[in-house]
Amino acid sequence: MKKICIKDAQVLEDREKLIIQREKGFLAVGTPAVGGGIMEVKRIVNQFNCSESLPGSGSKGSETRSLGEVPQTSNDLDVPTDSMILLNPSDTGGSVTLNNFNVTAVVTGDYIKYFSNDADYLWMNIMVFVDEFMDEETLLELFKTTSDAKFAALWDMGLLNHFSFDPMNCGDSIVLACKGNGNPSDEEVIETIEKTAECVRKAVAELLKICGFPKDVLGFMEDVGVTVDNLTDAGMDLVVGVEKTDEIREKLRMQIIKSLHDLNVVSFIIAGIRLEEDYEKHRVHGVDVDDDPAYLYSDEVFGMSVANQIAGTKAIFNFKRYDEAKPGIISHLGPVLDDVFAGLVAGCMSKIFEE
């Protein structure tokens, strides 16, 4: 059973929903699916397994339901109308509850791929409870603090980038509740803001860990559309002078996996992904490499460095073959990543033929 900072609040929970209620009620502000705005409520409900209206509605393992439908409630936890209700898209995600003195953050959510448009969506519901009496102005300030803390946690965990995660693909609801209307001092407001920011930031980060973040290098590669099998196929495309056997293919695949445990190789791959994103989004004023200009050769330096790290000087010469021919997945990558992964494949091919 979850524990929250407001001692006279009652927490009820089953497989379908979480209800936090208080006989004297809450003064709450929020953007839930039902009962939004600033209002006095008796209950705050987090309802699970309700997919909202996203492109291609319906998620893996969840029942399709439109946003406008009021969620059904089980008989043992019947929910009256004087409630704020948040909807979760599924019951397969995570839940984190953190207390920080007079502040409690309850964060639930899931990271879901919608197969109709092959897009990833992050869903998150954040409920914050403050064991104080606050005025509406302070509540709104705390609401903003909660939203800012969520994005700070996304940044901390490496999600705020184009390839791993688009923050526009984020469906969330935030509800912030206190014990009732009051006039806190400036010192109390400042202290509560600081505690709220810290509590929410930590809780969101913990939820993201449950959802599989931060990603390993294979996860970052998949974000840009590259898998070990893709790279193995590309390597086999330029095998000459020997028969293309299953044994050679498996040796190459295993060498690629081994090389992806090399910190220096990983460093070049991550640096290439970050640089590719900055170039694609035109984040550096005066720099435009959309057409992969001939005077851009730092990308080739990256590729040669990867090849050299894996198999030495001979791999640099092999890199030129893969860079020019761009077999398989390499031909579909941007001006930086095509060289980085050509270097990876070239180095691995050179390495397996050493033996």
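The values are calculated or read from the model by the stated rules, or taken from the named source; none is laboratory data. Not measured: the values here are computed from a predicted model. Glycine gets a Cβ as well: all are built from the backbone with ideal geometry, and neighbour counts include every protein chain shown. The accessibility values were calculated without ligands, DNA or RNA, using every heavy atom of the protein model including side chains. Shrake-Rupley method; radii C 1.70, N 1.55, O 1.52, S 1.80 Å.
Apply the a/c threshold of 1.5 to the C-alpha gyration tensor of segment 243-297 and tell me whether it is rounded, prolate or oblate. Don't jump to the answer; show the numbers that get you there.
On the way: a/c = 4.01, a/b = 2.16, b/c = 1.85.
In terms of gyration-tensor shape, prolate.
Roughly what angle does helix 313-325 make with the longest principal axis of the chain, taking Cα atoms, 0 to 90 degrees, to the nearest 10?
Compared with the principal axis, the helix lies near 80 degrees.
Which shape class applies to the chain: rounded if a/c is under 1.5, otherwise prolate when a/b exceeds b/c and oblate if not, where a ≥ b ≥ c are the square roots of the Cα gyration tensor eigenvalues? Provide the component values of the computation, followed by the final result.
Values: a/c = 3.06, a/b = 2.35, b/c = 1.30.
Note, shape of the chain comes out prolate.
Quick one: order Lys42, Lys2 from most to least accessible surface, probe 1.4 Å. Don't jump to the answer; show the numbers that get you there.
Details: Lys42 75, Lys2 40 Å².
Final ranking, largest accessible area leading: Lys42, Lys2.
Enter the accessible area of Met157 (Å², nearest 10), with the probe set to 1.4 Å and all protein chains included.
30 Å²
Once the piece of chain linking Asp291 and Ser147 is laid out straight, how much longer is it, given 0.36 nm per residue of separation minus the C-alpha distance between them?
On the way: separation 144, 0.36 × 144 = 51.84 nm, distance 3.85 nm.
48.0 nm is the gain from fully extending Asp291 to Ser147.
Could you go through segment 327-333 in sequence order and give the Karplus-derived ³J(HN,Hα) for each residue, using 6.51 cos²θ - 1.76 cosθ + 1.60 with θ = phi - 60°, rounded to whole Hz, and x for Gly and Pro?
Per residue, the Karplus-derived 3J(HN,Hα) values read x, x, 4, 4, 5, 9, 9 Hz.
Carbon and sulfur: what percent of the chain's accessible surface (1.4 Å probe)? Before the final figure, lay out each step's value.
On the way: 8660 of 16990 Å².
Solvent-exposed carbon and sulfur of the chain make up 51 percent of the total.
Only residues of segment 171-204 count here: report those whose backbone N is under 15 Å from the spot 7 Å along Cα→Cβ of Met39, or say none.
Within reach of a label on Met39, which here means backbone N under 15 Å from a point 7 Å along Cα→Cβ, segment 171-204 contributes 174-177.
Using a 1.4 angstrom probe on the protein heavy atoms only, line up Thr196, Thr145 by accessible area, largest first. Walk me through the numbers before you get to the answer.
On the way: Thr196 0, Thr145 20 Å².
Order by accessible area, largest first: Thr145, Thr196.
Along the Cα→Cβ direction, 7 angstrom out, place labels at Lys320 and Glu13. What is the inter-label distance in nm?
Computed distance between label sites Lys320 and Glu13 equals 6.3 nm.
Give, in nm to one decimal, the length gained when the segment between Asp237 and Ile257 is fully stretched (0.36 nm per residue of separation minus the Cα-Cα distance). Mind showing how you got there, number by number?
Numbers: separation 20, 0.36 × 20 = 7.20 nm, distance 1.84 nm.
So the extension gain works out to 5.4 nm.
Ratio of segment 198-353's C-alpha Rg to 2.2 N^0.38 Å, to two decimals?
Details: Rg = 16.9 Å, N = 156, 2.2 N^0.38 = 15.0 Å.
Relative to the 2.2 N^0.38 Å estimate, segment 198-353 comes out at 1.13.
How about segment 223-272: which trypsin sites (Lys or Arg not before Pro) there are in a DSSP loop, with at most 13 other Cβ atoms within 10 Å of their Cβ? Display every interim value, and only then the final one.
Working: sites: Lys244, Arg249, Lys251, Arg253, Lys258; in loops: Lys244.
Passing sites in segment 223-272 are Lys244.
Any chance you could look up the accessible area of Arg201 with a 1.4 Å probe, heavy atoms only, rounded to 10 Å²?
Rounded to the nearest 10, the figure is 90 Å².
Which is the longest part of the chain that has none of the chymotrypsin sites (Phe, Trp or Tyr not before Pro) sitting in a DSSP loop with at most 16 other Cβ atoms within 10 Å? Provide the component values of the computation, followed by the final result.
Working: sites that count: Phe101, Phe115, Tyr295, Tyr297, Phe353.
It runs 116-294.
Scan around Ser90 for amide H atoms under 5 Å from its own, H built in the peptide plane at 1.01 Å from N, and keep only partners 5 or more places away or cross-chain.
When sequence neighbours closer than 5 places are left aside, the close amide H contacts are Asn49, Cys50.
Sequence-distant or interchain residues sharing an amide H contact under 5 Å with Cys5, placed H: which?
Thr104
Probe of 1.4 angstrom, ligands and nucleic acids ignored: what's the accessible area per residue over the chain, in square angstrom? Numbers along the way, then the final one.
Details: 16990 Å² over 355 residues.
On a per-residue basis, the chain sits at 48 Å².
Using only the C-alpha atoms of segment 161-269, find the volume of their convex hull and express it per residue in Å³. Mind dumping the intermediate values first?
Values: hull volume 17.9 nm³, N = 109.
Cα convex hull per residue, to the nearest whole number: 164 Å³.
Mind checking the full-extension length gain between Lys244 and Lys281? Use 0.36 nm per residue of separation minus the Cα-Cα distance, one decimal, nm. Provide the component values of the computation, followed by the final result.
On the way: separation 37, 0.36 × 37 = 13.32 nm, distance 3.99 nm.
9.3 nm is the gain from fully extending Lys244 to Lys281.
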